[in-house]
Amino acid sequence: MKIGYVQHAPLFGEKDKNLAAVDVLLSGVTAGLIVLPELFATGYNFVSAAEVADLSEDTGGETARFLCRKSLETGAVMVAGFAERAGDRYYNSSMMVYAGAVVGIYRKLHLFNREKLFFTPGDYPLAVYPLNGCRIGMMICFDWIFPEVTRTLALKGAQVIAHPSNLVLPYCQQAMTTRCIENRIFAVTANRIGIESRGEEEFRYTGRSQITSCKGELLSTAPEEMPFMDFRDIDPELADHKQLNPFNDVLADRRPGFYL
Ligand code: ACM
């Protein structure tokens, strides 16, 4: 299965331009799984609730329609971050789209920094979707620092984790190798690049999107400051083997009775 990511620099609030940029990058691409960054169509650094209200969408919106079209053109499961509107609540969410339809929504469980001013924490259980010959789970950016997220997805049978991101701390790329080793799963971290200076905050995004194997190998690393896209062929079934040696299995050897 061919899995990969798009790394780009969304312009804040310029949804049409951001969708067009990704459209161009993906023209002619076919794949099994394509992951785009967190909030890839809107930008990240919101300064007011009014901006969130203005740029957010439900699963019938422009971003969903774009992803549905791209899923048909590429044959891929598309996973991408978006600002979700649900009644009078707003979530930092990702959607999974396949064969022209939205098949799943994940609402970020662990909000980072000023996201807490604008978004409601996620309220859906972590879920795994069997699509295109692979079991795929979603998490978003800062969820990486909570090992419970990848562990839960692994326990639910995920083989590949799609990880839309807007990373600003320098640790995640390295941490994802550990997340993948400790669960023996693959991950596609799609990060953004650029500097977003708005209001009181300036965020510098770290690029270096990556594809990590179930043995913690870096199968692909993007540059720090350039738009980039990359794909690797993987065998998702390798993630079903949790055995490290004849005596140790990373899931079966857990001792949950001793954990809080
Ligand atoms: C982050 O969660 N966007 C750092």
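Please list, ordered by first then second residue, the pairs with beta carbon atoms under 6 Å, 6 or more apart or interchain, first in segment 204-231 and farther than 13 Å from Met176 by Cα, second assigned to a loop (DSSP other than H, G, I, E, B) and aliphatic (A, V, I, L, M). Between residues of segment 204-231 that are farther than 13 Å from Met176 by Cα and residues that are assigned to a loop (DSSP other than H, G, I, E, B) and aliphatic (A, V, I, L, M), the close pairs are Tyr205/Ile193; Thr206/Leu167; Gly207/Ile193; Gly207/Ala222; Glu225/Ile193; Phe228/Ala222; Phe231/Ala31.
Considering every residue within segment 73-81, establish whether at least one is at pLDDT 95 or above, part of a helix (DSSP H, G or I), of a type outside the set (Phe, Trp, Tyr) and away from the ligand (no atom under 16 Å from the Cβ). Working first, answer last.
Narrowing segment 73-81 to residues at pLDDT 95 or above: 73-81.
From the residues that got through so far, the ones that are part of a helix (DSSP H, G or I) too are 73-74.
Retained after the next criterion (residues that are of a type outside the set (Phe, Trp, Tyr)): 73-74.
Cutting the leftovers down to away from the ligand (no atom under 16 Å from the Cβ) gives us 73-74.
Yes, some residue in segment 73-81 is at pLDDT 95 or above, part of a helix (DSSP H, G or I), of a type outside the set (Phe, Trp, Tyr) and away from the ligand (no atom under 16 Å from the Cβ).
Residues of segment 155-168 that are more than 12 Å from the ligand (Cβ to nearest atom), more than 14 Å from Val188 (Cα to Cα) and either free of Cβ contacts under 8 Å to residues at least 24 places away in the same chain or in a loop (DSSP other than H, G, I, E, B) (or both): Lys156, Gly157.
Report yes if Phe231 is touching a strand residue (DSSP E or B) at 6+ places or on another chain (Cβ under 6 Å), in a strand (DSSP E or B), farther than 28 Å from Val128 by Cβ and not β-branched (Val, Ile, Thr), otherwise no.
Working: touching a strand residue (DSSP E or B) at 6+ places or on another chain (Cβ under 6 Å): yes; in a strand (DSSP E or B): yes; farther than 28 Å from Val128 by Cβ: no; not β-branched (Val, Ile, Thr): yes.
No: the conditions fail for Phe231.
Under the condition of being in contact with a Cys (Cβ under 9 Å, 6 or more places away or on another chain) and under 17 Å from Ser165 (Cβ atoms), which residue from segment 84-114 is surrounded by the fewest Cβ atoms within 10 Å (Cβ to Cβ)? Restricting to residues being in contact with a Cys (Cβ under 9 Å, 6 or more places away or on another chain) and under 17 Å from Ser165 (Cβ atoms), the top hit is His110. Listed conditions (1) farther than 21 Å from Gln210 by Cα; (2) out of contact with any helix residue (DSSP H, G or I) (no Cβ under 7 Å at 6 or more places or on another chain) are all met by Cys141, apart from (1). Within segment 3-33, the only residue that satisfies the criterion of being within 18 Å of Ala99 (Cβ to Cβ) and surrounded by fewer than 17 Cβ atoms within 10 Å (Cβ to Cβ) is Thr30.
Looking at Glu202, is it part of a strand (DSSP E or B) and either of a type in the set (Gly, Ala, Ser) or over 28 Å from Tyr98 (Cα atoms) (or both)?
Details: part of a strand (DSSP E or B): yes; either of a type in the set (Gly, Ala, Ser) or over 28 Å from Tyr98 (Cα atoms) (or both): yes.
Taking the combined requirement at face value, the residue satisfies it.
Out of the residues in segment 119-154 meeting the condition of being part of a helix (DSSP H, G or I) and crowded, with 20+ Cβ neighbours inside 10 Å, tell me which one is farthest from the ligand (Cβ to nearest atom). The selected residue is Ala154. When residues in segment 154-198 are screened for being aliphatic (A, V, I, L, M), within 19 Å of Leu111 (Cα to Cα) and more than 13 Å from the chain's Cα centre (by Cα), 3 of them pass.
One residue stands out in segment 86-118 among those that are out of contact with any strand residue (DSSP E or B) (no Cβ under 9 Å at 6 or more places or on another chain) and part of a helix (DSSP H, G or I): the one that is farthest from the ligand (Cβ to nearest atom), namely Leu117.
Quick grid of which residues meet (1) surrounded by 16 or more Cβ atoms within 10 Å (Cβ to Cβ); (2) closer than 24 Å to Leu169 by Cβ; (3) among the acidic types (Asp, Glu):
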position	(1), (2), (3)
Gly216	no, yes, no
Ser220	yes, yes, no
Met229	yes, yes, no
Asp235	no, no, yes
Arg255	no, no, no
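Note on segment 40-82: residues that are touching a helix residue (DSSP H, G or I) at 6+ places or on another chain (Cβ under 8 Å), closer than 28 Å to Glu201 by Cβ and of a type in the set (A, V, I, L, M) total 5. Taking (1) under 18 Å from Asp249 (Cα atoms); (2) in contact with a helix residue (DSSP H, G or I) (Cβ under 9 Å, 6 or more places away or on another chain); (3) not acidic (Asp, Glu) in turn, Cys172 satisfies each apart from (1).
For Glu196, the criteria (1) touching a residue at least 60 places away in the same chain (Cβ under 8 Å); (2) buried (at least 24 other Cβ atoms within 10 Å of the Cβ); (3) assigned to a strand (DSSP E or B) hold in every case but one, which is (2).
The values are calculated or read from the model by the stated rules, or taken from the named source; none is laboratory data. This is a predicted model, so every value here is computed, not measured. Every residue, glycine among them, receives a Cβ derived from its backbone with ideal geometry; neighbour counts consider all protein chains shown.
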